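The values are calculated or read from the model by the stated rules, or taken from the named source; none is laboratory data. All values derive from a computational prediction rather than experimental measurement. Cβ placement follows ideal geometry from the backbone for every residue including glycine, while neighbour counts extend to all protein chains displayed.
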Amino acid sequence: MLDFVVIFTKGGVVLWHSNASGSSFASCINSLIRGVILEERNTEAKYFEEDHLAVQFKLDNELDLVYAAIFQKVIKLNYLDGFLTEMQSAFKDKYGGIPAAERLGGDYDFDREYRRVLSAAEEASAKQVKAPKAMRSYNESQKSKKTVASMIQDDKKPAEKRVNIQESPSPPSKSSEAAGGASMDDIIRENRRKLREKLTPTKKTSPGDQKPSKAAATEKAGKKPRVWDLGGSSKDAINLDRSKDTPEDVQYQNINSELVGTMQGVIRDLDVESEDEADEQDEEESSEEEQQELQSRKSKRGGLLSYFKGIVGAKTMTLADLQPALEKMRDHLISKNVATEIAAKLCDSVATSLDGKQMGTFDSIASQVKEALTQSLVRILSPKRRIDIIRDALESKRNGRPYTIIFCGVNGVGKSTNLAKICFWLIENDFNVLIAACDTFRAGAVEQLRTHTRHLNALHPAAKHDGRTMVQLYEKGYGKDAAGIAMEAIKFAHDTRVDVVLVDTAGRMQDNEPLMRSLSKLIKVNNPDLVLFVGEALVGNEAVDQLVKFNQSLADYSSNENPHIIDGIVLTKFDTIDDKVGAAISMTYITGQPIVFVGTGQTYADLKAINVNAVVNSLMK
Ligand code: GDP
């Protein structure tokens, strides 16, 4: 069974190929061209292997063409020599008159001839297998010559039998045995069908297709939620909902046991659809008539052939070549909510990295741009330094001082809610926490934290922690100096041996100079271990402005030689954005700092670590 047949020039330009799933064999053909044809190495062997594939090829030195047949190397096809010779003469008959200069531009409709040559070759080969052997008489048979002694010796030499097994096209299947009286034809047909089933790649076989099948498999198996290094499994997270154990008189406003532990807003694994793939999908869903139209559309545009046509071996990419693909990519990133400025910068850097680079024979500019961009996105999202809160908090504890985190950001992004989630996570890791209520501005801010403190203590009562109260609230009401309250809170934590202090601050607009000054002062005088910027995943271009100005203000108003600016990001409301995950890129690009936590809902368990590959896949979809 042949997987793919292709006719190309010795320089690597494809003139014709047998089916649309050719791109999955591109790597093998590329290797053949680079490693054998271009270097004129080992061309006499006319056989080449890569991974599980084998290529038998024929060179036509008169027309400077190569005829190649690709198949799974585990199978033996004895008709290939003859088949390739027939292909060559049929192609020559039809197109041999075209002058070499015009050959590359031609449109080669060779499907009918290919089918004819192939079925003739397959038929001839089947006949060889089928040719009935004349029955030998008993006297002619080996058996008649055997003595009892020779039979006993034969038992010790099973080699003869093994040879026979290897020679047969495939071992008889149970079903054919069961069929008993099935003819040789039936057996061959059945064996072929099975081999085809086993070896034929599923319908979508282009490189981009590998992902959907994986995604489908993952989807079937169910998404595995992100597991914190020290935070236990997500199953634990469900178990962590102790609200059921709590006394009935405790008022729960925010904890809904049904919601706890369900991981919402998981980024789906995504694939990149090409035009051909889109057509394939259309094909699946369309009626017969529509399919015919699709087919003719495909053949008009040359199907995959048109994809191959623009591809010439060893081409050097120029900015002009790259521009259309880069523009598409930029628009795509913007549609995923990446800030316009960042999308443009990313594409510029991809252009710089690809300009002047040599392309492989079967590479397309779009795939090169996509690959370079993917790498660059992974780099941006991968933290240059790891923020390990658990490790650092343990270290602080050993040194007898509380580990301090200050949360900042604009109004309503989820500072208090996610502070409470982080508090929950810390308690789960056996740290006790002091929440400093330093939003002395917004009415209700202190009460909100008071409610969280009560809920968290109900979930983790002191009785279950050797009498330690796991969360306390340090509050001084409204209108007071936030920096002063934070300082008192940290001192209180130090004196009473609290492990971690979480400082909530008032939401503020990045342009509000007095409020930005006071945030800078709060950070300067309290010298926290970590400053986390809380930002919504919903934000688009605004993300850039917020982060640039927060960082700028923290630096400008600090009057410190080494001002403490933003160390990391809490990306909230990730459950509400579907696949528009661009804010993650904008925020990390601007700050160069990692996303430490991702908020994925409104319960204490809805806190995750970022999954870089999933975000990048989602962006590239
Ligand atoms: P703050 O003003 O920044 O302190 O924001 P809040 O903590 O009061 O949160 C504002 C709103 O956002 C509340 O209704 C929260 O329940 C909601 N919220 C916070 N984080 C998330 C999240 O990760 N997902 C969703 N869907 N809502 C969130």
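Could you please find all residues in region 561-607 being assigned to a strand (DSSP E or B) and aliphatic (A, V, I, L, M)?
Residues of region 561-607 assigned to a strand (DSSP E or B): 568-572, 595-599, 607.
Listed by number, the residues that qualify are I569, V570, L571, I595, V596, V598, L607.
Within region 586-621, restricting attention to residues that are among the β-branched types (V, I, T) and under 16 Å from the mean Cα position of the chain (by Cα), which residue is farthest from the ligand (Cβ to nearest atom)?
V616
Can you tell me how many residues in region 383-429 are away from the ligand (no atom under 16 Å from the Cβ), more than 18 Å from Q593 (Cβ to Cβ) and not hydroxyl-bearing (S, T, Y)?
14
Check K491, K480 and return the single one that is more than 27 Å from N399 (Cβ to Cβ) and surrounded by fewer than 16 Cβ atoms within 10 Å (Cβ to Cβ). It would help to see each step written out before you state the result.
On the way: K491 fails: more than 27 Å from N399 (Cβ to Cβ).
Step by step, each of K491, K480 is checked, and only K480 is more than 27 Å from N399 (Cβ to Cβ) and surrounded by fewer than 16 Cβ atoms within 10 Å (Cβ to Cβ).
Where residues in region 563-585 are within 14 Å of the ligand (Cβ to nearest atom) and of a type in the set (V, I, T), which of them is surrounded by the fewest Cβ atoms within 10 Å (Cβ to Cβ)?
Per the stated criteria, the residue is T576.
Quick check, is A443 within 16 Å of the ligand (Cβ to nearest atom), aliphatic (A, V, I, L, M) and outside any helix (DSSP H, G or I)?
Spelling it out, A443 is indeed within 16 Å of the ligand (Cβ to nearest atom), aliphatic (A, V, I, L, M) and outside any helix (DSSP H, G or I).
May I ask you to list the residues in region 542-562 that are in contact (Cβ under 8 Å) with a residue 60 or more places away in the chain and surrounded by fewer than 16 Cβ atoms within 10 Å (Cβ to Cβ)?
Result: no residue meets the conditions.
If we scan region 450-469, do we find a residue that is buried (at least 22 other Cβ atoms within 10 Å of the Cβ), closer than 27 Å to L547 by Cα and either within 16 Å of the ligand (Cβ to nearest atom) or not hydrophobic (A, V, I, L, M, F, W, C) (or both)?
Within region 450-469 (the criterion being buried (at least 22 other Cβ atoms within 10 Å of the Cβ), closer than 27 Å to L547 by Cα and either within 16 Å of the ligand (Cβ to nearest atom) or not hydrophobic (A, V, I, L, M, F, W, C) (or both)), the answer is no, since none of the residues qualifies.
Here are the criteria: (1) of a type in the set (A, V, I, L, M, F, W, C); (2) out of contact with any Leu (no Cβ under 8 Å at 6 or more places or on another chain); (3) at pLDDT 90 or above. Tell me which single one M329 does not satisfy.
Unmet for M329, out of (1) of a type in the set (A, V, I, L, M, F, W, C); (2) out of contact with any Leu (no Cβ under 8 Å at 6 or more places or on another chain); (3) at pLDDT 90 or above: (2).
Looking only at residues that are crowded, with 16+ Cβ neighbours inside 10 Å and not in a helix (DSSP H, G or I) in region 353-382, which one is nearest to the ligand (Cβ to nearest atom)?
S364
Between a residue in region 502-521 that is closer than 22 Å to R401 by Cα and any residue that is in a helix (DSSP H, G or I), which pairs come within a Cβ distance under 6 Å, given they are 6 or more apart or on different chains?
That search, which allows pairs on different chains as well, returns L502/L419; L502/C423; V503/A486; D504/S416; D504/L419; K521/A483.
Please name all residue pairs, on different chains or six or more residues apart, with Cβ atoms under 6 Å, provided the first residue is in region 455-480 and is over 12 Å from I427 (Cα atoms) and without any contact (Cβ under 8 Å) to a residue 40 or more places away in the chain and the second residue is in a helix (DSSP H, G or I) and of a type in the set (A, V, I, L, M).
Once the first residue is over 12 Å from I427 (Cα atoms) and without any contact (Cβ under 8 Å) to a residue 40 or more places away in the chain and sits in region 455-480, its partners that are in a helix (DSSP H, G or I) and of a type in the set (A, V, I, L, M) give L473/L449; E475/V446; K476/I485.
What tally of residues in region 396-444 results from selecting those that are in contact with a helix residue (DSSP H, G or I) (Cβ under 7 Å, 6 or more places away or on another chain) and of a type in the set (A, V, I, L, M)? Working first, answer last.
So in region 396-444, the residues in contact with a helix residue (DSSP H, G or I) (Cβ under 7 Å, 6 or more places away or on another chain) come out as 401-404, 406-410, 416, 420, 423-424, 427, 429, 431, 433-440.
Then drop every residue that is not of a type in the set (A, V, I, L, M), which leaves 406, 410, 420, 427, 433-437.
Qualifying residue count, region 396-444: 9.
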